[in-house]
Amino acid sequence: MDDEAYNGVGLGIAVVIMILFLYGWCNCLLAGARRTSSKGLNSDAIKALPIVPHQFSSSSVQDECCVCLGVYENGERVKLLPCNHCYHPHCVDMWLTTHTTCPVCRAFINPQPNIALQIVVQ
Ligand SMILES: [Zn+2]
Ligand SMILES: [Zn+2]
């Protein structure tokens, strides 16, 4: 009688452990799926974005990096996004590994930037 009760409890614990294990496993799968769906640009696309010397004379370009809020020095190399916003290359590279949009205007950054189009914009 005692043995039977003990076995019943043991089986119950085993089932609970199995459910918890499956629950954790499903959560891991979901977290993995979420991680890949929120992934940013691939490194080739990030590298393909043009880096240009910053010029204060240009009114269409901001004078500070909106990621680190650092003010550019004249001629400092900045990464220009297709939306015409620019950032420190290391700042925006970090952002684009987890996002596919401009940090300021949320414009979608094309994974295959059209270089010819950007020359026309400039
Ligand atoms: Zn910066
Ligand atoms: Zn922008």
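Each reported figure results from applying straightforward, stated rules to the coordinates on display, with no laboratory input. If you're wondering where the values come from, they're calculated on a predicted model, not measured in any experiment. Here the Cβ is made from the backbone with ideal geometry for all residues, glycine too, and neighbour counts use every protein chain on show.
Measuring r between the beta carbons of Leu69 and Thr100 and using R0 = 22 Å, the FRET efficiency lands at 0.45.
Under a Cβ-Cβ cut-off of 14 Å, what is the net charge of the residues other than Cys86 that fall near it, where Lys and Arg count +1 and Asp and Glu count -1? With Lys, Arg at +1 and Asp, Glu at -1, the net is -3. Relative to the current alpha-carbon distance between Cys83 and Cys26, full extension at 0.36 nm per residue lengthens the span by 16.6 nm.
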